[in-house]
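Peer 1: Starting off with a structure, shown below.
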Amino acid sequence: MAQQAAGKQARYKRILLKLSGEALMGTEDFGIDPKVLDRMALEIGQLVGIGVQVGLVIGGGNLFRGAALSAAGMDRVTGDHMGMLATVMNALAMRDALERSNIAAVVMSAISMLGVTEHYDRRKAMRHLNGGEVVIFAAGTGNPFFTTDSAACLRGIEVGAQIVLKATKVDGVYTGDPMKDPSAEKYSRLTYDEVLTRKLGVMDLTAICLCRDHHMPLRVFNMNKPGALLSVLLEGNEGTLIEEEHPDD
Ligand SMILES: Nc1ncnc2c1ncn2[C@@H]1O[C@H](COP(=O)(O)OP(=O)(O)O)[C@@H](O)[C@H]1O
Ligand SMILES: O=c1ccn([C@@H]2O[C@H](COP(=O)(O)OP(=O)(O)O)[C@@H](O)[C@H]2O)c(=O)[nH]1
């Protein structure tokens, strides 16, 4: 992979990378697989190594999801609070993995947790990014009824990232859910409106609308594919790109 990066220029100076909580489970049913965490830390470290500023949002679906807790009888807002706290636990585990790989990292939480994480502050976050630290934005947006996909798009827009990269377990956006429909076909490029009108369920609609309204490109790609993240930065042809309609289209 070092050879892949040799002599090549990263396409983006600052990115917002979204990792789903479930990605951290590896082959387990719950929790965090340390091997997966370490692999992801190494892949993120490669980006830092070629001068890319990395903002990171990690989901919490490997631990708790508000909607699932609510379906089991819990108050929805309490469930969402638990979901957001789950993202803080994942963020702390990722900071630890990054620091063990000698990659400077800071966790900024949307919910105050004095002594555990920094509180989210946009200007401080930008200073950390400019200084080459990986900034892990935890606790989503800080509000119930949102997702970490929306949080990733929000933070990406706020800190002036050039692209939001959604790392997931499928190769991109398909005509239908590829986990359920093996005949679904992958798109290499879509507009925001196509995602919305075709109801392509890879991300929630709030996240797509936020990106559309603020002209933030999105790329959906498979994080389980070794080297895919670096390839997105160097070649830019992994997965599916969602952006505005191009004048040549
Ligand atoms: N049209 C689609 N294209 C790609 N993935 C889709 C589509 N519709 C639904 N999905 C599902 O969306 C999931 C990606 O979302 P992600 O946030 O990583 O997972 P989760 O929401 O389970 O945490 C994929 O695993 C896939 O099964
Ligand atoms: O701004 C936010 C972000 C997340 N959550 C809660 O945190 C959980 C975990 O986030 P998400 O489901 O987005 O994680 P992922 O699917 O990416 O693992 C969600 O289900 C919500 O309950 C929330 O309430 N507000």
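Peer 1: Cα centroids of segment 191-213 and segment 1-79: how far apart, whole angstrom?
Peer 2: Going from one Cα centre to the other spans 21 Å.
Peer 1: Say R0 is 22 Å: what FRET efficiency, to the nearest 0.05, do Ala71 and Arg198 get from their beta-carbon distance? Before the final figure, lay out the partial values.
Peer 2: On the way: r = 27 Å, r/R0 = 1.22.
Efficiency for this residue pair is about 0.25.
Peer 1: Right, here's the next one. Looking at segment 84-168 from every direction and averaging, what is the projected area of its Cα convex hull in nm²? Before the final figure, lay out each step's value.
Peer 2: Working: hull surface 22.7 nm².
For the Cα atoms of segment 84-168, the hull's average projected area reads 5.7 nm².
Peer 1: Take the Cα atoms of segment 2-243, build their convex hull, and give its volume per residue in Å³.
Peer 2: On the way: hull volume 30.2 nm³, N = 242.
Spread over its residues, the Cα hull of segment 2-243 gives 125 Å³ apiece.
Peer 1: Ranking request for peptides 75-87, 112-124: highest mean number of other beta-carbon atoms within 10 Å first, then the rest in descending order. The partial results should precede the final answer.
Peer 2: Values: 75-87: 19.3, 112-124: 12.8.
Answer by packing, highest mean first, reads 75-87, 112-124.
Peer 1: Run the dipole for the chain about the Cα centre, Lys and Arg Cβ at +1, Asp and Glu Cβ at -1, nothing else charged, and hand back the magnitude in debye, nearest 20. The partial results should precede the final answer.
Peer 2: Details: 26 positive and 30 negative charges, 114 e Å.
So the magnitude is around 540 debye.
Peer 1: Separate question: Extension gain Lys13-Lys225, at 0.36 nm per residue separation less the Cα-Cα distance, in nm? List each step's numbers first, then the result.
Peer 2: Numbers: separation 212, 0.36 × 212 = 76.32 nm, distance 2.26 nm.
In short, 74.1 nm is gained.
Peer 1: Let's test the formula: R0 of 22 Å, r as the Cβ-Cβ distance of Glu244 and Glu185. What FRET efficiency results, to the nearest 0.05?
Peer 2: Values: r = 23 Å, r/R0 = 1.02.
After rounding, the FRET efficiency stands at 0.45.
Where a number appears in this text, it was derived from the coordinates with a stated rule and is not lab data. Predicted, not measured: the structure shown is a model, and the values here were computed from it. Don't worry about glycine lacking a Cβ; one is built from the backbone with ideal geometry, like all the others, and counts go over all protein chains shown.
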